[in-house]
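Read the figures in this text as sums done on the coordinates, not as results from a lab. Here the structure is a predicted model, which means the values were calculated and not measured. Cβ: placed from backbone, ideal geometry, glycine included. Neighbour counts: every protein chain shown.
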Amino acid sequence: MAEYAVRIRPPSEAGSLLLPLTMGCSHNTCAFCGTYDGVKFRIRAVDDVKRDIDRIARNYSRSVKRVFLEEGDALISPQRNLVAILPYLSEKFPNLERVGTYATPQSALIKSVDELKELNRLGLKIAYLGVETGDEELLRKIDKGATYAQIVEAGRKLKAAGITLSMTVILGLGGVDGSEAHALNTGRILTDIDPDFAGALTLMLVPGTPLYKDWQEGRFTLISPFQSLQELKLMIENSSFTHCFFTANHASNYLPIKVWLPEQKAEVLQLINDVLTKNDMSLLRPEYTRAL
Ligand code: SF4
């Protein structure tokens, strides 16, 4: 019987086998996040993980092509665990094409580039790094546990190791007061890291989180749907990529966007501008269909 309850994975890992290496999140203090509320963080024993792999491989050995390592930041697992599990996955699933993981900045910082290269060689092909914002003050406010410089270092290390990097940022995280600084500095951190993929979600307040309490008590004001587009526009205008697939098509977003940057920069800015000019709510995803 599996011992995990929360099943969280990036949209692009929808068809992947979800394999928890850890329980909860090693950081677990981000002010907006309630995903692992009440879940005590721990690292699963390698033998337990291998037993899960054996059980699944009995019926699906040839059909598993992708594996996503759960939970909140499986990359924090000790190197020896990952070095034992990744080859075991390749052995048990002969058609395995890639393994992915969530990463906190801390989980990438504690490993050397050589260690990350070793993981890449053993099958770890993509990491999803939660960056949230590039605004230093906001990083402190949300208790991200890492500075701008540390996040840039973490992102660059993953890339230097040959691991495809997908970054996530959150529109609206700075509220009305911090919106402009959040957009400008997030554009800056996206530029500094230059990821292969970047995803902008839109903040949805989760009851029980510190940010929800701030909102309830009037210390935080949510931006409007059109302000979130203004923020997105500012972020894209102020970012520069080598070649990045940029999405804002998560269920939390008001306007679905999927573009290659810089190739489609003018096109996407034109689209956002048009919607802002029309100021018509019917062009946006209805509030009741939004989801985390
Ligand atoms: S690092 Fe990710 S999973 Fe952990 S608390 Fe922050 S947002 Fe949530």
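Residue order for Leu124, Leu158, Leu19, Leu205, fewest other beta carbons within 10 angstrom first, comes to Leu205, Leu19, Leu124, Leu158. For the pair Lys65 and Ala45, label points projected 7 Å from Cα toward Cβ lie 3.6 nm apart.
Taking Asp135, Asp114, Asp280 in turn, the Gaussian network model of the chain (Cα-Cα springs below 10 Å) assigns the largest fluctuation to Asp280.
How would you order 150-157, 127-134 from highest to lowest mean count of nearby Cβ atoms within 10 Å?
Details: 150-157: 21.1, 127-134: 25.8.
Highest mean packing first, the order is 127-134, 150-157.
Springs between Cα atoms under 10 Å define the GNM used for the chain, and in it the highest mean-square fluctuation of Leu271, Leu18, Leu69 occurs at Leu271. Using a 4.7 Å Cβ-Cβ cutoff, the cysteines of the chain lacking any partner cysteine are Cys25, Cys244. Obtain the nm distance between the two label points defined at Thr221 and Glu267 by a simple spin-label model: each point lies 7 Å from its Cα along the Cα-to-C-beta direction. About 3.7 nm, to one decimal.
Simple spin-label estimate for Glu115 and Ile8 gives 2.3 nm between the two label positions (7 Å along the Cα-to-Cβ direction from each Cα).
Ignoring everything except DSSP H segments at least 4 long, calculate the 222 nm mean residue ellipticity for the chain; use -39,500 (n - 2.57) per segment, divide by total residues, nearest 500.
Working: 10 runs with 111 residues, N = 292.
Dividing the helical sum by the residues of the chain leaves -11500 deg cm²/dmol.
What is the packing order of peptides 240-247, 60-67, taking the mean over residues of other C-beta atoms within 10 Å and listing the highest first? Please report the intermediate quantities before stating the final value.
On the way: 240-247: 17.6, 60-67: 15.8.
In descending order of packing, they fall as 240-247, 60-67.
Placing one equal scatterer on every Cα of segment 11-279 and applying the Debye formula, the log10 ratio I(q)/I(0) at q = 0.08, 0.16 Å⁻¹ is -0.34, -1.22.
Within the same chain, lysines fewer than 8 places from Lys141 are excluded, and of the rest, those with a Cα less than 24 Å from its Cα are Lys40, Lys213, Lys233.
Using a/c under 1.5 as the rounded threshold, could you call segment 139-292 rounded, prolate or oblate? The axes a ≥ b ≥ c are square roots of the C-alpha gyration tensor eigenvalues, and prolate needs a/b larger than b/c, oblate otherwise.
On the way: a/c = 1.84, a/b = 1.13, b/c = 1.63.
Oblate is the answer for segment 139-292, as a/c is 1.5 or above yet b/c matches or exceeds a/b.
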